[in-house]
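Engineer: This structure is in structure tokens; I'll ask about it shortly.
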Amino acid sequence: MRILIFNLLVITASSIFLLSCNKNDDSIDPVAIEEIHFNSLESEILYLVNSHRESIGLNKVSGLNHPYTEATNHTNYMINKGIISHDNFEFRKANLMIKSSAKIILENVAMGYPTAESTMTSWLNSSNHRLVIENPYVQYMGISAQKDAQGRNYYTQIFIGK
């Protein structure tokens, strides 16, 4: 079921890209300059994402406040529910389209991985998650990594393209 939901999200996000992405829009968004205070796990995931993207010839992504806020809210939601999910993705997508002028919104979630490396390895070993990380049309990422009361890590990773 989770794979089906994820595939639907990828198809939805891809449809948004096909309908509205302008590859030649290289303008710098002043919102991207806002400072984000990532925790060490989040910073490490951003570093690993960019190292992987560079290793395959893709541009780095930058942290951006709006997807970071949406990712944090969703991570807290998953912790409260005690499960990983893409629940309410349409609301996050709508918020990001308005607040960040995003045309592409992609999301990965995970739970239970103790390190940034193990989380990235898991995502890269999954073809659907890898497609999100390797999307050449995204420029920004928000990542939230938080622990629940039992010390399990929950992750939400949101990429956007303009």
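Engineer: Which count do you get for residues in the stretch 93-116 that are touching an Asp or Glu at 6+ places or on another chain (Cβ under 7 Å) and closer than 13 Å to P67 by Cβ? Working first, answer last.
Structural biologist: From the stretch 93-116, those touching an Asp or Glu at 6+ places or on another chain (Cβ under 7 Å) are 95-96, 116; that's our starting set.
Subset that is closer than 13 Å to P67 by Cβ: 95-96.
Number satisfying all stated conditions: 2.
Engineer: Cβ-Cβ distance below 7 Å, separation of 6 or more or different chains: which pairs start in the stretch 68-84 with a residue that is closer than 17 Å to R152 by Cβ and end on one that is of a type in the set (K, R)?
Structural biologist: H74/R92
Engineer: With S27, S40 as the choices, which residue is hydroxyl-bearing (S, T, Y), modelled with pLDDT under 90, farther than 17 Å from N135 by Cβ and open to solvent by 80 Å² or more (accessible area, probe 1.4 Å)? Let's see the steps before the verdict.
Structural biologist: On the way: S40 fails: modelled with pLDDT under 90.
Every option except S27 fails the conditions.
Engineer: Further, regarding this structure: Among the residues of the stretch 101-121 satisfying the criterion of being touching a strand residue (DSSP E or B) at 6+ places or on another chain (Cβ under 6 Å) and small (G, A, S), which is surrounded by the most Cβ atoms within 10 Å (Cβ to Cβ)?
Structural biologist: Of everything passing the filter in the stretch 101-121, A102 is surrounded by the most Cβ atoms within 10 Å (Cβ to Cβ).
The values are calculated or read from the model by the stated rules, or taken from the named source; none is laboratory data. Every value quoted in this text rests on a predicted model; they were computed, and no experiment measured them. Note: ideal-geometry Cβ built from the backbone for every residue, glycine included; neighbour counts use all protein chains shown. The accessibility values were calculated without ligands, DNA or RNA, using every heavy atom of the protein model including side chains. Shrake-Rupley method; radii C 1.70, N 1.55, O 1.52, S 1.80 Å.
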